[in-house]
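Step one of this worksheet: look at the structure below.
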Ligand SMILES: [Zn+2]
């Protein structure tokens, strides 16, 4: 047992209320056992860790990322989505070997942890996704992962899959990894997007997910050219297509949803489809600005994600929170999307996206001990009067002191305790430069 003593717990609670109190937190095994003052009197055997002047916040939930793309950071700048995919990302993903994808995943997880992220929803690539799964298991992070699926005609040969083989490969990964890492790792099917998948694949995947109670994670309505392609291929609007094919459901996670009209927004609402907002990626690929205030007004669940490293180029929830707040203001005024809304999306919003709001996303008794200790008493984040403002608008990785996942410390004072980062940077640079020469 461990008592985090004297810190300030800052969290949104499941009942929607904001809680910010100086108090102690008792961690027992994987969970938050008790929150209250002077806990050492009641729990005499507990180890005491003094976190006075620090903030105890829930770990961030990055609801949409691509660990396989971390290796390609900075190698696909200033491009629009379809060019970005066809000219850079798809050929680079196709070059991945077991070694390169392991390094990519390891670097990504290390970056995420040092920025206070404790849960991810990852979309892998066509081949070698098992190596991402291994890194997820070994690192101690909480994750939903799935290999990407692409079976539609017209795709480059090196990526196009046979429909049944793609489903079989996904089921193999599900059988091997779902529930691994003491239940931290869960499989989530990941067809890339409607443009790259056949009706047959999407329908079968949807049926499997509903049958097994799994998440269906895909991209939708990110870019104008993409929605034109969906219209050409299906004769329908993207979200409308998901409804007509009976794919719409509360287990459907849609990254982006930038270009969604009122009719489609009704579909999101009706089926309790989850939206993942990726503001950095949407800006960098010039895709547009998602109508998040409308989604929130409609009580549609929204989480935040950094998306792929080459369209960001970081995996920082601090940056996503800040951008999520800022990009709405020129259109809707300064009070739109305040710091609290952004923080809530990064924590409880993400937990709701993955259906784990009763287990993660806030600091509450009985929840899993996925906790970040933040030190805001630093030049970049001080002075502050409102800690939420400091976290969303000023904080950075340097404010993250310690990260717990399932009650275990994975990152402490600049050091990763579960990932060997010694040669990572050097190895990643050698491999990326080799890939870029071959591109
Ligand atoms: Zn993505």
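Brief remarks follow.
- Selection within segment 43-67: residues that are out of contact with any strand residue (DSSP E or B) (no Cβ under 8 Å at 6 or more places or on another chain) and over 30 Å from residue 382 (Cα atoms). The member of this set that is nearest to the ligand (Cβ to nearest atom) is 45.
- Qualifying positions in segment 393-403 - crowded, with 24+ Cβ neighbours inside 10 Å and within 17 Å of the chain's Cα centre (by Cα): 403
- Helices (runs of 4 or more DSSP H) wholly inside segment 337-439 containing at least 2 residues that are closer than 16 Å to residue 321 by Cα: 339-344, 350-353
- Where a residue in segment 299-315 is at positive phi and in contact (Cβ under 8 Å) with a residue 40 or more places away in the chain and its partner, wherever it lies, is within 10 Å of the ligand (Cβ to nearest atom) and not in a strand (DSSP E or B), with Cβ under 6 Å and at least six apart: 307/278; 307/281
- Among residues of segment 62-94, those that are more than 23 Å from residue 254 (Cβ to Cβ) and either out of contact with any helix residue (DSSP H, G or I) (no Cβ under 6 Å at 6 or more places or on another chain) or surrounded by fewer than 22 Cβ atoms within 10 Å (Cβ to Cβ) (or both), counted: 8
- Taking the listed residues 437, 430, 354, 392, the one that is over 20 Å from residue 141 (Cβ atoms) and touching a residue at least 60 places away in the same chain (Cβ under 8 Å) is 392, with no other qualifying.
- Residue in segment 84-104 that is assigned to a strand (DSSP E or B), modelled with pLDDT of 95 or more and either over 21 Å from residue 192 (Cα atoms) or within 16 Å of the ligand (Cβ to nearest atom) (or both) present: no
- Conditions (1) in a helix (DSSP H, G or I); (2) more than 16 Å from the ligand (Cβ to nearest atom); (3) in contact with a helix residue (DSSP H, G or I) (Cβ under 8 Å, 6 or more places away or on another chain): number failed by residue 227: (2)
- Tabulated pairs, segment 275-290, first on the phi > 0 side of the Ramachandran plot, second not in a helix (DSSP H, G or I), C-beta under 7 angstrom, 6+ apart or interchain: 286/80; 288/258; 288/259
- Exactly one residue out of 318, 331 is outside the structural domain of residue 400 (by TED's automatic domain parsing), more than 16 Å from the ligand (Cβ to nearest atom) and surrounded by 18 or more Cβ atoms within 10 Å (Cβ to Cβ): that is 318.
- Residue identified as more than 16 Å from the ligand (Cβ to nearest atom) and either over 25 Å from residue 319 (Cα atoms) or not in a helix (DSSP H, G or I) (or both) among 122, 157: 157
- Of the helices (runs of 4 or more DSSP H) entirely within segment 240-302, those holding at least 3 residues that are within 15 Å of the ligand (Cβ to nearest atom) and buried (at least 21 other Cβ atoms within 10 Å of the Cβ) occupy 279-284.
- Within segment 160-176, the set of residues being more than 26 Å from the chain's Cα centre (by Cα) and either assigned to a helix (DSSP H, G or I) or closer than 20 Å to residue 212 by Cα (or both) comprises 163, 164, 165.
- Hey, residue 235 at pLDDT 95 or above, away from the ligand (no atom under 13 Å from the Cβ), surrounded by fewer than 24 Cβ atoms within 10 Å (Cβ to Cβ) and within 28 Å of residue 361 (Cα to Cα) or not: no
The values are calculated or read from the model by the stated rules, or taken from the named source; none is laboratory data. These numbers come from a predicted model, not from an experiment. Glycine gets a Cβ as well: all are built from the backbone with ideal geometry, and neighbour counts include every protein chain shown.
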